[in-house]
Amino acid sequence: VEGSIAIMRQFSISTKQLESALGSINAVASQFAVESQDVITAVKRAGGVFAAASKGVATGTEALNQFMAIFTSIRATTREGAETIATGLRTIFTRIQRTDTIDSLKAFGITLTDLEGKFVGPYKAIQLLSQGLKSLDPRDLRFGRIVEELGGFRQIGKVIPLIQQFDTAQRALNVAQQGSGSLARDAAVA
């Protein structure tokens, strides 16, 4: 119940959309190394920050699915606890919007703003970072500097898989989008 309330409040999801949102969580949990409770825990801790950063780009279940996809890519890779990952994501989503961070990433050809100078949103930002840093060797000192700027010293263990495992996030997003009816299908099978 608390998870449902957190999902509805943080992502502005109506009661009519809740079954679809829970179905997406169920579908992702069944196909990736992440549990439904982990997603709920992450939403409680970092969902609001993600939803706020997504305003004007993605809302409602779309934003929830994007958040879940990013969380899943880290959880499935590192197996760190949901609370630890969510705390790290709060830091990362805040830092990724800083003017200094956005300006320093432009030197690497990574632009995290649209033509109007507005932030592109956290999911798109992670995608752009992944694409932009793919050619940079992780042993390169510049890579280390960027990773530390994005997450700070304590969150490096979350930033690296966040950037390097974007394909997992994209697959999880696809599953989430297609899995909105999974609760009804699972109930019918049961």
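The values are calculated or read from the model by the stated rules, or taken from the named source; none is laboratory data. What you are looking at is a predicted structure, and each value in this text was computed from that prediction instead of being measured. Counting neighbours? That spans all protein chains shown, and the Cβs are built from the backbone with ideal geometry, glycine included. What goes into the accessible areas is simple: the full protein's heavy atoms, side chains included, and nothing from ligands, DNA or RNA. Shrake-Rupley method; radii C 1.70, N 1.55, O 1.52, S 1.80 Å.
Residues in the range 125-145 that are within 22 Å of S54 (Cβ to Cβ) and either touching a Ser or Thr at 6+ places or on another chain (Cβ under 6 Å) or open to solvent by less than 90 Å² (accessible area, probe 1.4 Å) (or both): A125, I126, Q127, L128, L129, S130, G132, L133. Here Q17 meets each of (1) in contact with an Asp or Glu (Cβ under 7 Å, 6 or more places away or on another chain); (2) polar (S, T, N, Q); (3) open to solvent by 50 Å² or more (accessible area, probe 1.4 Å) with one exception, condition (1). Here is a list: T94, T77. Which entry is touching a residue at least 40 places away in the same chain (Cβ under 8 Å), open to solvent by 30 Å² or more (accessible area, probe 1.4 Å) and closer than 20 Å to Q164 by Cβ? None of the other options fit; the residue is T77. Set side by side, the residues F166, F119 differ, and just one is of a type outside the set (S, T, N, Q), under 13 Å from the mean Cα position of the chain (by Cα) and open to solvent by less than 90 Å² (accessible area, probe 1.4 Å), which is F166.
When G109 is tested against (1) within 25 Å of A172 (Cβ to Cβ); (2) surrounded by fewer than 17 Cβ atoms within 10 Å (Cβ to Cβ); (3) small (G, A, S), exactly one condition is not met: (1).
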